[in-house]
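> Would you mind keeping the following structure in view while I ask a few things?
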Amino acid sequence: MGEHTDCDIEEMYIIFKAKGTLIIEGEKTRASAEGIILNKIAGTHGLVNDLSKEVELLIIQASLK
């Protein structure tokens, strides 16, 4: 999933296996291990699989509506 902004939902990425670029509020870091990422409401974020490795993650969304 590319960089995007969610207006009325909060997302959590639970990363099981990843090799790629994690983008949060314009800052890019390497996603190369397991972890949990909380993406705040109205925040800009994304995960880009820019390598030929698999990405395994679970995305949980909570809506304010």
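> State the number of residues belonging to the range 17-40 that are surrounded by fewer than 15 Cβ atoms within 10 Å (Cβ to Cβ), under 14 Å from residue 59 (Cβ atoms) and either of a type in the set (Gly, Ala, Ser) or touching a Leu at 6+ places or on another chain (Cβ under 8 Å) (or both).
1
> Go through (1) in a strand (DSSP E or B); (2) exposed (fewer than 12 other Cβ atoms within 10 Å of the Cβ) for residue 65 and report which single condition fails.
Going through the list (1) in a strand (DSSP E or B); (2) exposed (fewer than 12 other Cβ atoms within 10 Å of the Cβ), residue 65 breaks only (1).
> Which of the residues that make up the range 25-40 are closer than 17 Å to residue 6 by Cβ and not in a strand (DSSP E or B)?
25, 26, 40
> Follow-up. If you go through the range 41-62, how many residues are open to solvent by 50 Å² or more (accessible area, probe 1.4 Å) and outside any strand (DSSP E or B)?
Matching residues across the range 41-62 total 8.
> Does residue 22 fit the bill of being farther than 14 Å from residue 51 by Cα and in a strand (DSSP E or B)? Break it down into steps so the answer makes sense when it comes.
Working: farther than 14 Å from residue 51 by Cα: no; in a strand (DSSP E or B): yes.
No, not satisfied.
The values are calculated or read from the model by the stated rules, or taken from the named source; none is laboratory data. Since the structure is predicted, the reported quantities are computational estimates derived from the model, not experimental observations. Methodologically, a virtual Cβ is constructed for each residue, glycine included, from the backbone with ideal geometry; neighbour enumeration extends over all protein chains shown. All accessible areas refer to the heavy atoms of the entire protein, side chains included, with ligands and DNA or RNA removed. Shrake-Rupley method; radii C 1.70, N 1.55, O 1.52, S 1.80 Å.
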